Amino acid sequence: MAGNEWINGYLEAILDAGAKLREQTLNPPLSAARPLRRRTEYGSEGKEKAAAYSPTKYFVEEVVSRFDDADLHKTWVKAVAKRNSQERNNRLENLCWRIWHLARKKKQIELEDARQLVKKRLEQEQGRKEAAEDISELSEGEKEKGEGNANKDRSGNFARINSDVRMLSEEEDDGEDETKNRRLYIVLVSLHGLVRGENMELGRDSDTGGQVKYVVELARALAATKGVYRVDLLTRQISSPDVDWTYGEPVEMLSRPSDSDATANGDGCGAYIVRLPYIAKESLWPHIPEFVDRALAHITNVARALGEQSADEGPAQLVWPYAIHGHYADGAEAAARLAGALNVPAVVTGHSLGRNKLDQLLKMGLMGRGEIDVTYRIARRIEAEEAGLDAAQIVVTSTRQEVEEQWGLYDGFDLRLERKLRVRRRRGVSCLGRYMPRMVVRDSPGMDFSNVTTQELVIEGDGDLHTLINSDKITAQAKRDLPPIWTEIMRFFTNPHKPMILALSRPDPKKNVVTLLKAFGECRPLRELANLSLILGNREDIEEMSENGATVLTTVLKLIDRYDLYGHVAYPKHHTQSDVPRIYRLAAKTKGVFINPALVEPFGLTLIEAAAYGLPVVATKNGGPVDILKALNNGLLVDPHDPGAIADALLKLLADKSLWLDCRRSGLRNIRRFSPPRHTPAACSPFDDDEPLTDSLRALDSIRFSVDGPDLTHSMNGTHAAADAILEALRRHRGHAVANRTAVFSPGRRQLLLVIAADCYGESGHLVIDNLKEIIEQVMDIGSGAGGRVGYVFSSGSTLAEVADAMRCCDVDPKVFDALICSSGAELCYPWRDMAADAAYGSHVEFRWPAEHVKSAVPRLAKLEGAEEEDMIVDEAASSVHCYAYSVKPGAKVRKVDGIRQRLRMRGFRCNLVYTQACSRLNVVPLFASRPCALRYLSIQWGIDLSKVVVYAGEKGDTDHERLLPGLHKTIIFRGLVSHGSERLLRDDNGYKMEDVAPLDSPNIIFLNENSKIPDIMNM
């Protein structure tokens, strides 16, 4: 019955809130009626905030999430039994019924989500089992004669870099000239948070945390590495009155190597933050191609400048990046796109992964899959991470747990299959066209403990604490000697003598502070034993915080009020980076405990910091803390979703003094594992199968983070080791020789490039000649008087022969086109030279192409249950070296692109798939072969700025149609031009939306109605 009493209380609160809202609506106060203009200006904002903090929503969520539907049904039965003519009782009965059904619906949704998850995992397991069986078909001694074909330099442009480009170790004594020639250019991409070199505003928002600092310090460490000439960290340019002006500066110099070490890499150019104009982070997904186009222009300019600097005699060779390293999901996708356009190795660091976040959010039960996707764009984020896996040579991780339990959730990575493939490569045995990226456990940023006094840590006195608590009996001088942050925290507590439970994080939902507060509030013994300090970033006014931060802080204040925790919980508004070590000291002096209850913690730097000051820890069991606590042996792991488990762990550590002391001593004894060693090794070299779980943590080197002050510039040992490891791993995994990437063939100096990419197919899949002829004539008319300044490109999913036939039917000579992009980007032809596929472009797109090995697998994986053999068959006439085409029968039972790609990824195949010709053909092409990639290839080869490119397309098209639209180029979409597209076979129902791929409201995308004349692009 206690549960029912709580329900009754919540229902009464809902009724009261509704009554007050109706009263305010019917009888607005006079003061609210006067400022009519202000209500008009801020009305929408006010409604949004009211909706975000609606008490009705809050109490309904509490009832639905905290109580079983059986209790809700009992409450409804009770309300029915007490039915009378009073309006309030009728409303209460109706409310009980509605909420009861809402709870039942929630349970059904959760059950369906669970079934879908189980089904998907079974499919993943089946796919991996089949892949393992396929691999086992070939005897271990059998060699693949053609295995090295993809690794050969075919004398084409953009061939991959070989391990001949090696890093110079400190032991090498090369001559000055040879050292000078080894000038490596490295690009980092991080679109996450506010990035600058000094005075980082860590904790300002949910995106500006330790990852930002890691990326900046990694750039500095790479620039100081011997053999590296320049490092560019590409990020967003943010020009807004809400942030400091420095985030709007296009370029910021991070360091010259001589700034930190006069003997290190003195010939280097240094590290730079390069900020490119970009859309707000909340709307970034459809604008990533635009960012990539700007990045391509910047990288090309730098490559040309570096080549001119290093050229002593003869023509300058462009110095392309040695590697492109993407951080987070958005940075991973950007790095994958850049790597595909430039054909250089990609490196990915996930930091925090979407599939893991999705699982945690589903476990919390507050939102269904659909609501999660709308709120977090989770499907789009997961696809970006899958794309990063497809392109990556190396995936840098924090711990083995991240490899096995987080990346293991992805279609594109299976640890067992990766190990098998690695063994086969070492033995020189064919991998049958399959590939899994190499996982490297990096030395995540640790700390420099040189300024932490060991004696102070081992024998922690409470003199300072006694002085603080008895402040009325001490002198003014003694009071001034105490850290101000101590006074700021202690003023919250009624009894400051109690041990302190310390939580330090950003006010972000994934940090799970709300569950911690619930655990504290619902456990009376814990409240009686300890105080709780919540250090949740800095704030001036909750109303001015970001939506997530404001929601977390508002919930915290509500929970403090609900459990009457005044005098037991501290939540100071401000602290500086230099205050953080003092906060740890204060918690240690009270014999307290540090807790990190995050839903997922990629590494857990704060756990190492807390251990450095003798604090036992309680940490989430999801992520890096598993390895950290195994190394330190100074605390307990808990399920972050279980408030009872959190409270029990805190009570156990605080109440058992001997356990508390053992954990403290163990942490202090083992913390040196995270200190800089005497010689900085490549601590995160690729782990072997038999490596103990904690080996990845034994040689961790570090940078100074927050142990003893804000001076962060000169302590980069840890990121030096990370930089060395990444470069060493790249050196081992490169497979091609260096090639000269200058354009061999060029149509002349073009100032404008017009691209016809309209997929004018009829219902049967044949080209509609009249429509095609009309758009070709209109586009040709634009450049007719330009005198060779305008070039033309035709882009299609049809084969080269089919395109040539279509041109003849349109009475157009193919030679008027500078290039023909055919077979969905698998082939590139220069008709003014010859009507054959360009071999150099073929070499460019051959990366990870499984060739014959995927040919027979596609029909088997693409057909649904009950499909006939003829539903999808190989079309030999439409196939080529880099494109396998499959005829699809009308009404065939076949999977969509997403479903086929998922199954291919599970088996280690990395391909691009496009349904074309109104769903009558499926083209399977190499990973980096696509119509957008071919266009960017031409832009680089011919030196044409993408802003001088115009793409003409229809409203519908092949399944790669949406990828043609975004970017720096102009896109003109003809309404009514294309009658039949292939979009129905693009994505499954739970996939992301087109607006997450192409920003249709962008000024670069123009829609034209039927019979409208094409605008004069020359004057736009």
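The values are calculated or read from the model by the stated rules, or taken from the named source; none is laboratory data. If you're wondering where the values come from, they're calculated on a predicted model, not measured in any experiment. All Cβ positions, even for glycine, are placed from backbone atoms using ideal geometry, and neighbour counts span all protein chains on display. Protein only, heavy atoms only, side chains kept; ligands, DNA and RNA dropped before computing areas. Shrake-Rupley method; radii C 1.70, N 1.55, O 1.52, S 1.80 Å.
Scanning the range 190-235 for residues that are among the basic types (K, R) and open to solvent by less than 30 Å² (accessible area, probe 1.4 Å) returns K213, R220. For the range 834-858, the set of residues classified as open to solvent by 30 Å² or more (accessible area, probe 1.4 Å) and either outside any loop (DSSP other than H, G, I, E, B) or closer than 25 Å to F817 by Cα (or both) consists of D834, M835, A836, A837, A839, E852, H853, K855, listed by residue number. Per this entry, Q941 is counted among residues that are out of contact with any strand residue (DSSP E or B) (no Cβ under 7 Å at 6 or more places or on another chain) and of a type outside the set (A, V, I, L, M). Filtering the range 502-521 to residues that are β-branched (V, I, T) and in contact with a helix residue (DSSP H, G or I) (Cβ under 6 Å, 6 or more places away or on another chain) leaves V514, T515.
Quick grid of which residues meet (1) surrounded by 24 or more Cβ atoms within 10 Å (Cβ to Cβ); (2) touching a residue at least 60 places away in the same chain (Cβ under 8 Å); (3) within 27 Å of the chain's Cα centre (by Cα); (4) not in a loop (DSSP other than H, G, I, E, B):
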{"residue": "S887", "(1), (2), (3), (4)": "no, no, no, yes"}
{"residue": "A892", "(1), (2), (3), (4)": "no, no, no, no"}
{"residue": "G899", "(1), (2), (3), (4)": "no, yes, yes, yes"}
{"residue": "R903", "(1), (2), (3), (4)": "no, yes, yes, yes"}
{"residue": "Y915", "(1), (2), (3), (4)": "yes, yes, no, yes"}
{"residue": "N923", "(1), (2), (3), (4)": "yes, yes, no, yes"}
{"residue": "A929", "(1), (2), (3), (4)": "yes, yes, yes, no"}
{"residue": "I944", "(1), (2), (3), (4)": "no, yes, no, no"}
{"residue": "Y952", "(1), (2), (3), (4)": "yes, yes, no, yes"}
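Contact annotation: residue pairs with Cβ atoms under 6 Å, 6 or more positions apart or on different chains, pairing a residue in the range 626-647 that is over 18 Å from L517 (Cα atoms) with a partner that is surrounded by fewer than 24 Cβ atoms within 10 Å (Cβ to Cβ) and basic (K, R), are A631/R673.
Scanning the range 619-635 for residues that are open to solvent by 10 Å² or more (accessible area, probe 1.4 Å), in a helix (DSSP H, G or I) and in contact with a Gly (Cβ under 8 Å, 6 or more places away or on another chain) yields a single hit, L629.
Within the range 807-833, the set of residues being in contact with a helix residue (DSSP H, G or I) (Cβ under 6 Å, 6 or more places away or on another chain), part of a loop (DSSP other than H, G, I, E, B) and open to solvent by less than 20 Å² (accessible area, probe 1.4 Å) comprises C810, P831.
Selection of helices (runs of 4 or more DSSP H) fully inside the range 521-618 by the criterion of at least 1 residues being at pLDDT 90 or above and either touching a strand residue (DSSP E or B) at 6+ places or on another chain (Cβ under 7 Å) or crowded, with 24+ Cβ neighbours inside 10 Å (or both) returns 547-562, 579-589, 605-612.
In this entry, E870 passes the filter for residues that are part of a helix (DSSP H, G or I), open to solvent by 30 Å² or more (accessible area, probe 1.4 Å) and of a type in the set (D, E, K, R). Residue check: R984 meets all listed conditions (1) open to solvent by 60 Å² or more (accessible area, probe 1.4 Å); (2) over 26 Å from the mean Cα position of the chain (by Cα); (3) without any contact (Cβ under 8 Å) to a residue 60 or more places away in the chain but one, namely (3). Return the pairs, sorted by first residue and then second, in which the second residue is of a type in the set (K, R) and assigned to a helix (DSSP H, G or I), the first residue lies in the range 113-128 and is more than 17 Å from M436 (Cβ to Cβ) and in contact (Cβ under 8 Å) with a residue 24 or more places away in the chain, the beta carbons are less than 6 Å apart, and the residues are 6+ apart or on different chains. Matching pairs, first to second residue: D113/R369.
Residue by residue, here is whether (1) out of contact with any Leu (no Cβ under 6 Å at 6 or more places or on another chain); (2) assigned to a helix (DSSP H, G or I); (3) among the aromatic types (F, W, Y) holds:
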{"position": "D958", "(1), (2), (3)": "yes, no, no"}
{"position": "L968", "(1), (2), (3)": "no, no, no"}
{"position": "E995", "(1), (2), (3)": "yes, yes, no"}
{"position": "S1012", "(1), (2), (3)": "yes, no, no"}
